[in-house]
Amino acid sequence: MRKELKDNRKRIMNFGKNNVMLIFLILFLLQYQKSTYSKCLIGNCENGNGVYSSEKDGKYYGSFTNGVGDGQGIYYYPSKDIYYGGYKNGNKEGNGTYVWTDGTTYIGQWKDDKKEGLGIMKWPDGNIYTGNWKDGEMSGYGTLIYSENEIYYGNFKEGLRNGYGVDELKSVGVYTGYWKDNLRNGKGEMKFIDGSEYSGDWKNNKMDGEGIAVYVTKNKYIGHFENGNKKGKGILYFLDGSIFKAEWISDKQSKLGVMEYPDGKKVNGFLKDDNFYAWVDKK
């Protein structure tokens, strides 16, 4: 009896040694089958209504045509995202709502599995976009409300502000004009909350090119700007009627120019830090 037990034990050990790879292969296949199962749980998942489940792709409740979602349905993704709405040929189509796990929510129209048409997107930080979409991006006319006291309404392209639009910034002012890739570019006007204004050319969010600036003091400058400051030829009109014509080195300093007073008197000189210095010819 002991000899039989000993012999059986030996045979089992030899089987294990000789078939290690076979055992691992069987375990792998069992695990693979378990992790990638997909089946129709209930109903008609070919042409009708049913529930289809796949551990890899998630679970779909709704209408089917030729084995794919077609009509109205609800999809639970493995990531815990949820979509409920229209389908066509297995893709999101028509009106539908997609909710991400972080709380981001899109409610609107779809085409070929992408956001397209009119829709509303709400982000966890409080930002809300209402408007047109194309190929899954904000594109066309829309309104974007930022959580930090800013509202933009105008044109978008590929998810960025492009074209004509109005940007209302509660702590800065209101910009009305053109945009390129989310930056003020082209012709535009900014009315600042302190009462100052600028109308003219913009480049990458800064006054750049020809423009007109009206300052808090109500003095007005007409001329060239560069990188947000006066630079190049320009004329500064003072509230008392005086006019200073010169070329500007920076926002606070000019080269030698001419100050024309209301009484007709003209004096050569330059401006520095808003002060006029008359030029005295020592010859």
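Please treat every number below as a calculation from the coordinates, not as lab data. Owing to the predicted nature of the structure, the values given are computational and were not obtained by experimental measurement. As a convention, Cβ positions derive from the backbone with ideal geometry for all residues, glycine included, and neighbour counts pool all protein chains shown.
What spacing in nm lies between the two simple spin-label points modelled at Tyr76 and Asn44, each 7 Å away from Cα in the Cβ direction?
2.5
For the Cα atoms of the chain, what angle does the longest principal axis make with the long axis of helix 20-35, in degrees from 0 to 90, nearest 10?
Tilt of helix 20-35: around 60 degrees.
If we sort 145-152, 162-169 on the protection proxy, mean other Cβ atoms within 10 Å, highest first, what's the order? Intermediate results must be reported in sequence, preceding the final value.
Numbers: 145-152: 14.6, 162-169: 17.6.
Per-residue Cβ counts within 10 Å, averaged per peptide and sorted highest first, yield 162-169, 145-152.
Three principal axis extents, largest first, for the C-alpha atoms of the chain, in Å?
132, 51, 25
Could you state the angle between the C-alpha long axis of helix 2-18 and the longest principal axis of the C-alpha atoms of the chain, as a value from 0 to 90 degrees rounded to the nearest 10?
40
Nearest 0.05, what FRET efficiency do Asn95 and Ile193 give at R0 = 35 Å with Cβ-Cβ as r? The partial results should precede the final answer.
On the way: r = 41 Å, r/R0 = 1.16.
Efficiency, rounded to the nearest 0.05: 0.30.
Please give the charge dipole size of segment 45-156, origin at the Cα centre, charges +1 on K and R Cβ atoms and -1 on D and E Cβ atoms. Round to the nearest 20 debye. Can you show the working numbers first?
Working: 10 positive and 15 negative charges, 43 e Å.
The dipole magnitude comes to about 200 debye.
What FRET efficiency do you get for Asp135 and Asp251 if R0 is 45 Å and r is their Cβ-Cβ distance, rounded to the nearest 0.05? List each step's numbers first, then the result.
Details: r = 43 Å, r/R0 = 0.95.
After rounding to 0.05, the efficiency reads 0.60.
Do any of Lys170/Lys231; Lys88/Lys111; Lys122/Lys187; Lys206/Lys272 go past 19 Å between their Cα atoms, and which? Provide the component values of the computation, followed by the final result.
Values: Lys170/Lys231 29 Å; Lys88/Lys111 9 Å; Lys122/Lys187 31 Å; Lys206/Lys272 22 Å.
Listed pairs above 19 Å: Lys170/Lys231; Lys122/Lys187; Lys206/Lys272.
Can you tell me which aspartates and glutamates have their Cα less than 15 Å from the Cα of Lys191? Leave out same-chain residues fewer than eight positions away.
Glu150, Asp167, Glu168, Asp201
Taking the Cα of Ile128, stepping 7 Å toward and past its beta carbon, and measuring to each backbone N in segment 93-114: which are under 16 Å?
It comes to 104-108, nothing else.
Taking the dipole about the Cα centre of the chain, with the C-beta of Lys and Arg at +1 and of Asp and Glu at -1, give me whichever of Pro124, Leu236, Leu271 is farthest to the positive side.
It is Pro124.
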